[in-house]
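To keep things clear, I will list the structure first and then write my remarks on it.
Each reported figure results from applying straightforward, stated rules to the coordinates on display, with no laboratory input. What you see is a predicted model; the values in this text were computed from it and never measured. Positions of Cβ are generated from backbone atoms using ideal geometry, with glycine treated the same way; all protein chains shown enter the neighbour counts.
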Ligand code: C5P
């Protein structure tokens with residue numbers, strides 16, 4: 001399958017390790033990055049990260065760290081030791097927290113002779129309803145993420161165009177809330193199609209339920225990959 005510039009990350013939002021493994025067996029290598037969120041990580045911890053790595057795939061550790069700077073910096077060291085490809089923190093945790101997180105991950109990666117994980121700031125969750133206060137809040141928080149030297153943000157497709165034009169081509173934009181046309185929205189309030197995400201300049205889209213709940217997950221993933229191309 002042809003590689004697109006916008007990558008697909010599949011959210012492994014399932015409640016057991018063998019289900020997660022089945023999805024990876026089905027979707028890898030077409031899908032190279034899998035997101036491990038609080039559900040699976042709470043149940044299995046580093047074991048699930050190791051399982052994904054063993055399959056040859058990469059991990060986006062989506063634990064949305066939000067705590068005092070010292071605690072999040074220590075969590076960043078732990079994520080770096082797990083050799084994840086990407087992890088995220090809540091931008092509302094503040095500039096100092098984000099700076100220290102970035103620095104801690106870099107120092108740890110240097111010690112290990114490894115590449116530091118990409119660190120992504122979460123601005124406003126995509127389940128938040130659209131209202132006039134979201135855009136300025138996203139803009140301010142994205143500025144903090146950029147100032148702290150993090151690699152990019154999680155944002156809805158609606159915000160991605162604005163972020164791309166204001167924060168340059170190197171800033172990574174990860175967009176969840178993706179739905180194929182005619183699909184249900186689940187609890188995502190700010191949704192868009194894969195093509196909308198490409199056009200808005202997203203580097204990665206995160207897709208969970210549209211693939212996990214599909215009667216043909218592999219076909220659905222292929223359809224999404226085709227749209228990304
Ligand atoms: O099932 P669905 O495609 O809506 O999954 C979206 C995934 O992206 C979920 O795992 C959710 O936790 C995550 N996410 C999100 N909004 C954010 C950050 C992460 O929906 N701002």
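Overview of results
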item	result
Expected 222 nm ellipticity per residue - DSSP helices of 4 or more, -39500 (n - 2.57), all of the chain, to 500	-13500 deg cm²/dmol
Residue order, fewest to most surrounding Cβ atoms within 10 angstrom, among 128, 175	128, 175
Extension gain (nm, one decimal) between residue 53 and residue 18, 0.36 nm per residue minus Cα-Cα	11.1 nm
Extended-chain gain in nm, criterion 0.36 nm per residue less alpha-carbon gap, residue 30 and residue 127	32.1 nm
Rounded, prolate or oblate (a/c below 1.5 giving rounded, otherwise prolate when a/b exceeds b/c) for segment 117-203 by Cα gyration tensor	prolate
Contact order normalised by residue count of the chain, Cα under 8 Å, 6+ apart, percent	20
Three-way shape call for segment 1-76 based on the alpha-carbon gyration tensor, with the a/c threshold at 1.5	oblate
Efficiency of FRET between residue 213 and residue 112 - r from beta-carbon atoms, R0 35 angstrom, step 0.05	0.40
Pairwise FRET efficiency - residue 70 versus residue 226, Cβ, R0 = 41 Å, nearest 0.05	0.35
Whole-number D in µm² s⁻¹ for segment 42-100, Kirkwood Cα-pair radius fed into Stokes-Einstein, 4 °C, 1.567 mPa s	108
Compactness of segment 8-128 - radius of gyration and Dmax, Cα, Å	14.2, 41
Cα-Cα pairs of segment 7-228 separated by more than 24 Å (percent)	41
